[in-house]
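What follows is a short report on a single structure.
The values are calculated or read from the model by the stated rules, or taken from the named source; none is laboratory data. Here the structure is a predicted model, which means the values were calculated and not measured. A quick note on method: Cβ atoms are made from the backbone with ideal geometry, for glycine too, and the neighbour counts reach across all protein chains shown. For the accessible areas, the whole protein counts, side chains as well, though only heavy atoms, and no ligand, DNA or RNA atoms are used. Shrake-Rupley method; radii C 1.70, N 1.55, O 1.52, S 1.80 Å.
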Amino acid sequence: MGRPEEEDDDVFLALIQSESRLYTGDGSVNIKGQPVLKSNTGNWKACPFILGNECCERLAYYGISTNLVSYLTKYLHEGNASAARHVTMWQGTCYLTPLLGAVLADAYWGRYWTISMFSVIYFLGMCTLTLSASIPSLKPVECVDVICPSATPSQYAFFFTGLYLIALGTGGIKPCVSSFGADQFDDTDPKERVSKGSFFNWFYFSINIGALVSGTLIVWIQDNRGWDLGFGIPAFFIGFAILSFFLGTPLYRFQKPGGSPITRMCQVLVASFRKRDLPVPIDGSLLFETRDSVSAIEGSRKLMHTDELKYLDKAAVISSIGTENGNYSNPWMLCTVTQVEELKILIRMFPIWATGIVFAAVFAQMSTLFVEQGMMMDTSIGSFAIPPASLAIFDVFSVMIWVPVYDQIIVPVTRKFTGQERGFSELQRMGIGLFISIFPMVAAALVEIKRLDVAKSLDLVNQNVPVPMSVFWQVPQYFLLGAAEVFMVVGQLEFFYDQSPDAMRSLCSALSLLTTALGNYLSSLILTAVMCITGGVGKIGWIPDNLNEGHLDYFFWLLGGLSFLNMVVYVVCAKAYKSKSVS
């Protein structure tokens, strides 16, 4: 028999373990900074408020972006190429500003307050845009017969001020909402960890609910009832999104900001350079790390040392330089292993990250050239005219079909064969998405070939009029793009959350969004280059104002080829990638 003291110790340890299971094990706290009980906070009970916020915010965003190219061409009287460039530049900016929001969230404010602050800016931008389409002096002059005077500089300025306030507002919301939602699930709890994978699926599902309403109701209102109402309704929904977010505050779990990730990366680079002549010990345990069970970085677990990028390990080499009398407090001279590994993780992620840019360029066509292609097709069903931008609802339908199919059927089936908790690994899921992304461009090119044949057979080549070919021929390209999204985009969200260092999750989410920005800029760059090479004096070019005279199909084939090459590069990079390891 054991001694009474041993039995008391066992009871004491059992009580401690039982108590620890009541609280989250990932360091999350409530809004007052206190440890949180699992039963009262987070998990799925907190998600409706976050998902509701995302749904309304995306409804507002897509209420602007989906039909923006039509507003620019029909009301600001811009050409097709110019309008497409403006849309892609603005959308690119919407995915560039998240870098600012991510740094503020990870370093200073935390995700909750960053979302709150930038939501106000977003709302102001929506109101400005609504006023630009409502007040007569701010509205562009309508065309009279064939005369379409350009908007005045002040009208342009007011409109684009509202548009880019929205772009700034998205900067604090996009990189934080998905991460904040994932923060509601405890990584140390196996059941909650599996639920986190489902959260990303349903998070993207809620995005597409908002996109569905925008692509149908909002677009129809804009084309048939006016842009003042068409912009005003999205403004109302962003206000509702803010309200939904604040209502869930008592249920949220919060992660403490860990200080500036950019500063920590700079410290590693500076410390490595200062000790560039020092050898790195063969035994990684000789490198500097805190003796505490937790990392020196607030809100972060310790990361295991890896043998890659050994030059950076010099930052964690203990030497007499800057550490006299055992003083290890100067991070510009000596960094912890965890701090060094943070930078290594970002460098390892870079090739995977870069392959998302071409995918984003393909996705950008849905709100630009797909719409312009649809505008040159028959959009009528009886007496009812379908706005070409509304065809994006088939992308949404595709996502809404594939998300539950993936979550409820594909994951359980593939789990039996792969042994992965989520069926496919994040890298496998993204690879499948990149493969599928080739086919929307192929479908769009084939539709354009058919459309040009119809235009030629009816002698409409020199006339800037739609051809009698149903716009529903575009459905396959939208549907395929939606399938690619469910695999690539959701897989990307999971990848950048799971593989990022704990104290850099907002930043890594912003980096994943940055691929969308660069993809839009790449699309704009390719479009400009194509126009310069194929157009010019005496040349019509691939994408003229009259698409019946052009060869938009060549542009789609070009993007399809780039997508294939991008997938090949991705496969090579994915095979070489090494996952992070925490202690």
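Scanning segment 330-375 for residues that are in a helix (DSSP H, G or I), polar (S, T, N, Q) and farther than 30 Å from N464 by Cβ returns T338, Q339.
Applying the set (1) crowded, with 20+ Cβ neighbours inside 10 Å; (2) touching a residue at least 40 places away in the same chain (Cβ under 8 Å); (3) more than 30 Å from D307 (Cα to Cα) to L511 leaves exactly one unmet item: (3). Whether any residue in segment 487-500 is part of a helix (DSSP H, G or I), in contact with a helix residue (DSSP H, G or I) (Cβ under 9 Å, 6 or more places away or on another chain) and farther than 26 Å from I345 by Cβ is what I want to check. No. What do you reckon, is S506 over 22 Å from the mean Cα position of the chain (by Cα) and either polar (S, T, N, Q) or farther than 30 Å from F199 by Cα (or both)? Answer is no for this residue. Within segment 525-583, the set of residues being of a type in the set (S, T, N, Q) and more than 20 Å from A84 (Cβ to Cβ) comprises N566, S579, S581, S583. Pairing each residue of segment 262-279 that is touching a residue at least 60 places away in the same chain (Cβ under 8 Å) with any residue that is open to solvent by 50 Å² or more (accessible area, probe 1.4 Å) and among the aliphatic types (A, V, I, L, M), provided the two are 6+ apart or on different chains, yields no C-beta distance under 8 Å. Between L72, L96, the distinction of being modelled with pLDDT under 85, under 30 Å from W227 (Cα atoms), more than 17 Å from the chain's Cα centre (by Cα) and hydrophobic (A, V, I, L, M, F, W, C) belongs to L72 only. Selection of first residues in segment 446-461 that are open to solvent by less than 30 Å² (accessible area, probe 1.4 Å) and of second residues that are assigned to a helix (DSSP H, G or I) and basic (K, R), restricted to Cβ pairs under 7 Å at least 6 apart or on distinct chains, gives an empty result. Within segment 178-191, the residues that satisfy the criterion of being open to solvent by less than 30 Å² (accessible area, probe 1.4 Å) and out of contact with any Lys or Arg (no Cβ under 8 Å at 6 or more places or on another chain) are S178, G181.
Using the structure shown, decide if I207 is in a helix (DSSP H, G or I), buried (at least 18 other Cβ atoms within 10 Å of the Cβ) and touching a Leu at 6+ places or on another chain (Cβ under 8 Å). Answer is no for this residue.
Mind listing just one residue for me: the one in segment 348-385 that is of a type outside the set (A, V, I, L, M, F, W, C) and open to solvent by 10 Å² or more (accessible area, probe 1.4 Å) and, of those, farthest from Y62 (Cα to Cα)? Ranking the candidates gives R348 first. Taken residue by residue, segment 270-286 has at least one member that is closer than 30 Å to L427 by Cα and surrounded by 14 or more Cβ atoms within 10 Å (Cβ to Cβ).
Cβ-Cβ distances below 8 Å connect no pair with a first residue in segment 557-583 that is closer than 26 Å to I449 by Cβ, a second residue that is of a type in the set (S, T, N, Q) and surrounded by fewer than 18 Cβ atoms within 10 Å (Cβ to Cβ), and a separation of six or more residues or different chains. Per the listing A484, A517, the residue uniquely in contact with a helix residue (DSSP H, G or I) (Cβ under 8 Å, 6 or more places away or on another chain), open to solvent by less than 50 Å² (accessible area, probe 1.4 Å) and under 23 Å from S82 (Cα atoms) is A517.
Within segment 139-164, being open to solvent by less than 50 Å² (accessible area, probe 1.4 Å), at pLDDT 80 or above and farther than 27 Å from V490 by Cα holds for Q155, F159, F160, G162. Quick check on segment 386-401. Is at least one of its residues of a type in the set (D, E), open to solvent by less than 30 Å² (accessible area, probe 1.4 Å) and either touching a Lys or Arg at 6+ places or on another chain (Cβ under 9 Å) or more than 23 Å from V489 (Cβ to Cβ) (or both)? Checking segment 386-401: not a single residue is of a type in the set (D, E), open to solvent by less than 30 Å² (accessible area, probe 1.4 Å) and either touching a Lys or Arg at 6+ places or on another chain (Cβ under 9 Å) or more than 23 Å from V489 (Cβ to Cβ) (or both). Is it fair to say S524 is in a helix (DSSP H, G or I), closer than 17 Å to S367 by Cβ and either among the polar types (S, T, N, Q) or touching a strand residue (DSSP E or B) at 6+ places or on another chain (Cβ under 8 Å) (or both)? Against the criterion (in a helix (DSSP H, G or I), closer than 17 Å to S367 by Cβ and either among the polar types (S, T, N, Q) or touching a strand residue (DSSP E or B) at 6+ places or on another chain (Cβ under 8 Å) (or both)), S524 qualifies. For segment 247-268, taking the residues that are modelled with pLDDT of 85 or more and under 17 Å from S329 (Cα atoms), the one that is least open to solvent (accessible area, probe 1.4 Å) is identified as V268.
Any residue at all in segment 529-540 that's crowded, with 22+ Cβ neighbours inside 10 Å and in contact (Cβ under 8 Å) with a residue 40 or more places away in the chain? For segment 529-540, residues crowded, with 22+ Cβ neighbours inside 10 Å and in contact (Cβ under 8 Å) with a residue 40 or more places away in the chain: absent. For segment 214-234, give me the residue count where each residue is surrounded by fewer than 23 Cβ atoms within 10 Å (Cβ to Cβ), assigned to a helix (DSSP H, G or I) and not charged (D, E, K, R). Within segment 214-234, residues that are surrounded by fewer than 23 Cβ atoms within 10 Å (Cβ to Cβ), assigned to a helix (DSSP H, G or I) and not charged (D, E, K, R) number 9.
Each residue in segment 165-189 was checked for being of a type in the set (F, W, Y) and closer than 15 Å to D106 by Cβ, and 1 pass. Residues of segment 297-317 that are in a loop (DSSP other than H, G, I, E, B), surrounded by 15 or more Cβ atoms within 10 Å (Cβ to Cβ) and either touching a Lys or Arg at 6+ places or on another chain (Cβ under 9 Å) or at pLDDT 85 or above (or both): I297, G299, H305, T306, V317. For K196, the conditions (1) surrounded by fewer than 20 Cβ atoms within 10 Å (Cβ to Cβ); (2) assigned to a helix (DSSP H, G or I) are fulfilled apart from (1). Of the residues F158, F240, the single one that is closer than 21 Å to L51 by Cα, hydrophobic (A, V, I, L, M, F, W, C) and touching a helix residue (DSSP H, G or I) at 6+ places or on another chain (Cβ under 8 Å) is F240. Pairs linking a residue in segment 357-375 that is on the phi < 0 side of the Ramachandran plot to a residue that is aromatic (F, W, Y) and open to solvent by 10 Å² or more (accessible area, probe 1.4 Å), with Cβ atoms under 9 Å and 6 or more positions apart or on different chains, are I357/Y521; A360/Y95; A361/Y521; S367/Y62.
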